[in-house]
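Have a look at the structure below before the remarks.
The values are calculated or read from the model by the stated rules, or taken from the named source; none is laboratory data. Everything numeric here is computed off the predicted structure, so don't read it as measured data. Virtual Cβ from ideal backbone geometry, glycine too; neighbours counted across all protein chains shown. Just so you know, the surface numbers come from the protein's heavy atoms only, side chains and all, with ligands and any DNA or RNA stripped out. Shrake-Rupley method; radii C 1.70, N 1.55, O 1.52, S 1.80 Å.
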Amino acid sequence: MEEKTLRKDLAPMSTKELGFLAEGIARYYLIKKDYKILAANYKMSFGEIDIIAQKDSTVVFVEVKANKDVAPEFSPEIRVDYKKKNKLINLATAYMLNEKIKNRDLDWQIDIISVIFDSENKKARIKHFKNAVNDN
């Protein structure tokens, strides 16, 4: 788990603004880990992928979930339920087909990045769940 210091007061932020902040933190985290960001908020008719990145020969589809303050019994990542997992698999599959990825040998996976905002300490805690969603 990594931490990032925040410069903003989270109290007046809407849920949507908090989500955008979490996605920005997730992109920054991925770049620091040597991922190349291919797209952000990639929209299709049936949904959106928060972040599409590439690391080595793997295209990584990232779902970002965030919570304000610490609620150990309700971590953000648990909101990726069965229905959401299926949607993410369909979105990733469609992206690979629609974008006609030049190198068909590329693997792909779906990761979840959980961001928990601790407004009291002005920190964001980041957890990265690699290959967290599969079609088994």
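Only residues that are at pLDDT 85 or above, assigned to a strand (DSSP E or B) and either open to solvent by less than 80 Å² (accessible area, probe 1.4 Å) or within 21 Å of Asn41 (Cβ to Cβ) (or both) were counted across the stretch 92-122, and they come to 9.
Yes/no per residue for (1) under 17 Å from Glu23 (Cα atoms); (2) surrounded by 15 or more Cβ atoms within 10 Å (Cβ to Cβ); (3) modelled with pLDDT under 80:
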residue	(1), (2), (3)
Ile52	yes, yes, no
Pro72	no, no, yes
Ser75	yes, no, yes
Asp81	no, no, no
Lys85	no, yes, no
Ala124	yes, yes, no
His128	yes, yes, no
Asn134	no, no, yes
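When you check Ala11 against the structure, is it at pLDDT below 95, more than 20 Å from Arg79 (Cα to Cα) and among the small types (Gly, Ala, Ser), yes or no?
Details: at pLDDT below 95: yes; more than 20 Å from Arg79 (Cα to Cα): yes; among the small types (Gly, Ala, Ser): yes.
Here the answer is yes, as Ala11 does meet what is asked.
Scanning the stretch 23-44 for residues that are open to solvent by 30 Å² or more (accessible area, probe 1.4 Å) and of a type in the set (Asp, Glu) turns up just one, Asp34. Only one of the numbered conditions (1) open to solvent by less than 20 Å² (accessible area, probe 1.4 Å); (2) in contact with a strand residue (DSSP E or B) (Cβ under 8 Å, 6 or more places away or on another chain) is not met by Gly47, and that is (2).
Among residues of the stretch 26-37 that are over 13 Å from Asp111 (Cα atoms), those with a Cβ under 8 angstrom from a residue that is part of a helix (DSSP H, G or I), sequence gap 6+ or separate chain, pair up as Ile37/Arg27; Ile37/Leu30; Ile37/Ile31.
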